[in-house]
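Data first, discussion second: the structure below is written as structure tokens.
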Amino acid sequence: MSAGDWADQALAGVMERVRTTQDQVGDRFPLYAGPEDGVWRTTGRGSWTGGFWAGLLWLRARRTGAPADRKAAADRTARLAPWAEADTAARGLILWYPTALAGDDPAAAALRERAARAALRDRDRGLGIVPWGDAFGGPRLRARADGVPGMVPLLAAADPAAAAGHLHRHLDLCLAGGGEPRPAWRFDEARSRWLPCEDPRPGWSRGRAWLLLAVADALLRPEVAAQEPGRLTAAARHLLALDGVLAGPLVPPDGADAPRGPLDTSAAAITAVALLKLARLPEDWSRACAYRGVAILSRLAEGHLTQGGDGRPAGMLLDGCYDAAEGLAERHELIWGDFFLALGLASLNGLVDLTRV
């Protein structure tokens, strides 16, 4: 079986899961599903993951070309519009991916522009970032690794310098001291300084994956990369040197400090997409990134994707870890894991150009 064959089969499985998910969740948004039965926990407004469900619907529409599938994707994307002005940097995750995959859909383009303008207005010029915000509770003035991917290309359309500043401030904090990234910080206004947060902890596999993805996005946008030449390349090299990125386990544990703890296939899928983006660059790492990205996707498809026929739906990417610290959905199907697996697979057969998503 050629690489194209297994990738096409795996993508077909994930797209079949999109169908069964749509039948199950109706007008709600899926969050995570149990590994035994594939029943989704859902949310009405989408939370920080709503864009990944809309993104999966756009991937299906691209694959089938069916007007009904396109309408379903457009309708679900429109449901995310209230997040454009929400006080959270997570709107990059929520709104970039579905609107970028929507192609020439005018409503999606208008929503993306609206979100970009709103994010730029909310940027704290003194801190140099769009704060994590208080939409999900907690202190507003935080910088988190998951507040960078999606936000970089979203901001870049409105102000490339603001996009670069948002990313570099996060890299300055998260990569301070070398070693494993510290994925979350809060600004202490009384002392006028940044302080590390205990949660998420250093070594969080999705933290490093989100940062790698954001760096790859910036490097693929000359208008952003040109703001501080060389710094992004250095950050990419630092992240690529971490164990488990270009070497080590293809599917990492959720935490580097708990190598025998639960795996996180969603971190692996995000990493694979980031690596395939980096492979598009004329750097000495490109071949290694391409090989590793495909290897990760192959492992996910072969070892963690349900095939159906055992009482569970086909196309479930299992062994994702939502929140190990809280014991929440530690070996489950996660909607963002499904999305990034599908996005990576779709790039292998030419359905998606990763330089544009």
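Here the condition is being surrounded by 15 or more Cβ atoms within 10 Å (Cβ to Cβ) and either among the β-branched types (Val, Ile, Thr) or over 21 Å from the mean Cα position of the chain (by Cα) (or both); of THR21, THR64, it holds for THR21 alone.
Hey, could you check the stretch 320-345 for residues that are over 13 Å from the mean Cα position of the chain (by Cα) and buried (at least 24 other Cβ atoms within 10 Å of the Cβ) and say which is nearest to LEU276 (Cα to Cα)? Applying the filter and picking the extreme gives LEU345. The residue that is surrounded by the most Cβ atoms within 10 Å (Cβ to Cβ), among those in the stretch 167-191 that are out of contact with any helix residue (DSSP H, G or I) (no Cβ under 6 Å at 6 or more places or on another chain) and in a helix (DSSP H, G or I), is HIS170. Can you tell me which residue in the stretch 92-121 is nearest to LEU171 (Cα to Cα), limited to those that are small (Gly, Ala, Ser) and crowded, with 24+ Cβ neighbours inside 10 Å? Per the criteria, the residue is GLY92. Checked across the stretch 122-133, the condition of being part of a helix (DSSP H, G or I) and crowded, with 16+ Cβ neighbours inside 10 Å holds for at least one residue.
What do you reckon, is GLY315 without any contact (Cβ under 8 Å) to a residue 24 or more places away in the chain and in a loop (DSSP other than H, G, I, E, B)? Spelling it out, it is not the case that GLY315 is without any contact (Cβ under 8 Å) to a residue 24 or more places away in the chain and in a loop (DSSP other than H, G, I, E, B). Taking first residues from the stretch 110-128 that are over 16 Å from ARG144 (Cα atoms) and partners that are surrounded by fewer than 17 Cβ atoms within 10 Å (Cβ to Cβ) and of a type in the set (Ser, Thr, Tyr), no Cβ contact under 7 Å between residues at least 6 apart in sequence or on separate chains turns up. Any chance you could count how many residues in the stretch 205-237 are surrounded by fewer than 18 Cβ atoms within 10 Å (Cβ to Cβ) and closer than 17 Å to GLY177 by Cα? Qualifying residue count, the stretch 205-237: 3. Name the residues in the stretch 105-119 that are more than 16 Å from ARG91 (Cβ to Cβ) and of a type in the set (Asp, Glu), would you? The answer is ASP105, and nothing else.
A short reminder: the numbers here are calculations on the coordinates, not readings from a lab. Computed from a prediction, not measured in an experiment: that's the story for all the values here. Note that we place each Cβ from the backbone using ideal geometry, even for glycine, and neighbour counts take in every protein chain shown.
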